[in-house]
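Heads up, the thing below is written out as structure tokens.
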Amino acid sequence: RAKSLGRDRFELFSDEMQNQILTAKRIGDELREALEKRHFVPYYQPQFDARTLEITGVETLVRWDHPERGVLAPMQFLKVAEDINLLAAIDRMVVEMAYADFRAWQRQGLAVPKISVNISSRRLRDPQLVSDLREMDIPRGVMSVELLESIFLDEFEDEVAETIAALNDLGIDIEIDDFGTGHASIIGLLKLNPARLKIDRALVGPIPESSKQQKLVRAIIDIGHSLNIKVVAEGVETWAHAALLADLGCDFLQGYVLAKPMSRQDFETFARGGFNVPRGFSDARRMR
Ligand code: C2E
Ligand code: MG
Ligand code: MG
Ligand code: MG
């Protein structure tokens, strides 16, 4: 049986699968080159105080500035990067670039209190993570790392617990990303000692239509607050959502209606422009 499978191997792959394999291989080669040539760029999406709409920080989101195909989103390459073991190297480069930009903003007097970066579970397990961050000499309380709940799919190893403790020692905060969609969210709140949790947009999106969903979001916010954890809503797409989330007690808002992820230059223009509370938000609040 195995033999016949071996001989007929090519028939096991449809044309479409063949194409996918070729594409993955090509993306892999290009990714290695992109890493060498530093074709990855950080984009920044501002986060806002849910009451005043002041900028409280930015999330760093990597983009691949591809010479032929333009600016590519993580969905188009992170999976391949992970499969061929390049994700930790990408994460490392992104943190360096983001922190360099952040320091430039401080020098220019741009008011950006805080910056966060997304860290893959590979990078979290990279023994160099803590030493790299220590060498960067980051002041306490200005940097946080966003971790996916799914790191708990593996057992919570002692090694990871040590890393978390070392990050806390350096004054780097932990944020739980995509809260509500993983598998061990609640236990994560105890073990990770996060400063913030970010409610996934799958939960935030439908809230105005569903009172059950509203109750769930309120309960998550209350759990967070009772543990001294600040709550961020991600994927806020309408002013009605923004106003409702503020009412539910959410601390910070992030989403397209407020601001999309932007290149460094665009973000600097945005931040310099001074972000006055938009009419849409005050109208939505008044109507509640
Ligand atoms: P995430 O960390 O949960 O980031 C939020 C994603 O939602 C971003 O997608 C952002 O552009 C998008 N988003 C923000 N506001 C809205 C909204 O109002 N509506 C909708 N529909 N989407 C919104 P993006 O930039 O494509 O990143 C996707 C994911 O890729 C991120 O999800 C994160 O898990 C991962 N990622 C991004 N940068 C890095 C990185 O440097 N390292 C690692 N390991 N992962 C990264
Ligand atoms: Mg994130
Ligand atoms: Mg998220
Ligand atoms: Mg996500």
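Bear in mind these aren't lab numbers, they're just calculated from the coordinates by the rules spelled out. Since the model is a prediction, treat every value here as computed from it, not as a measurement. A quick note on method: Cβ atoms are made from the backbone with ideal geometry, for glycine too, and the neighbour counts reach across all protein chains shown.
Most exposed first by the Cβ proxy, i.e. fewest other Cβ within 10 Å, how do 179, 102 rank?
102, 179
Just give me a number: lysine pairs in the chain, eight or more positions apart or cross-chain, with C-alpha atoms less than 24 Å apart.
17
Among bridges DSSP assigns within the chain, what percent are antiparallel (round to 5)?
Among the beta bridges of the chain, antiparallel pairing accounts for roughly 45 percent.
Does the stretch 137-288 classify as rounded, prolate or oblate by the C-alpha gyration tensor (a ≥ b ≥ c root eigenvalues; a/c under 1.5 gives rounded; else a/b over b/c gives prolate, otherwise oblate)?
oblate
Restricting to DSSP H runs of at least four residues, report the calculated mean residue ellipticity at 222 nm for the chain, -39500 (n - 2.57) per run over all residues, nearest 500 deg cm²/dmol.
The per-residue figure over the chain is -14500 deg cm²/dmol.
If you rank 215, 198, 114 by fewest surrounding Cβ atoms within 10 Å, what's the result?
Fewest-to-most ranking of 215, 198, 114: 215, 114, 198.
When 72, 167 are ordered from fewest to most other Cβ atoms inside 10 Å of their Cβ, what list results?
72, 167
Once amide H atoms are placed 1.01 Å from N in the peptide plane, what residues at a sequence separation of 5 or more from residue 72, or on another chain, have their amide H within under 5 Å of its amide H?
Those qualifying (amide H under 5 Å, at least 5 residues apart or on another chain) are 64, 65, 66.
Take the Cα radius of gyration of the stretch 82-217 and divide it by 2.2 N^0.38 Å, with N its residue count; two decimals is plenty.
1.14
Starting from one equal scatterer on each C-alpha and no solvent at all, send me the Debye-based log10 I(q)/I(0) for the stretch 46-113 at q = 0.20, 0.22 Å⁻¹, two decimals.
Per q value, in the given order, log10 I(q)/I(0) is -0.93, -1.00.
Under 37 °C and 0.692 mPa s, how fast does the stretch 12-90 diffuse according to Stokes-Einstein, given a Kirkwood radius computed over C-alpha pairs? Answer in µm²/s, whole number.
After rounding, the answer is 227 µm²/s.
If the chain were replaced by its equivalent ellipsoid, with semi-axes equal to the square roots of 5 times the Cα gyration tensor eigenvalues, what would those be, largest first, whole Å?
Each semi-axis is the square root of five times an eigenvalue, giving 34, 24, 22 Å.
Mind checking which helices in the chain clear 18 Å along their axis (Cα) and have mean Kyte-Doolittle hydropathy of -1.0 or more, DSSP H runs only?
87-108, 211-226
Report relative contact order for the chain in percent, whole number only (criteria: Cα-Cα under 8 Å, sequence separation at least 6).
Answer for the chain is 18 percent.
I'd like the distance separating the alpha-carbon centroids of the stretch 190-228 and the stretch 237-262, in whole Å.
If you average the Cα positions of each part, the centres end up 13 Å apart.
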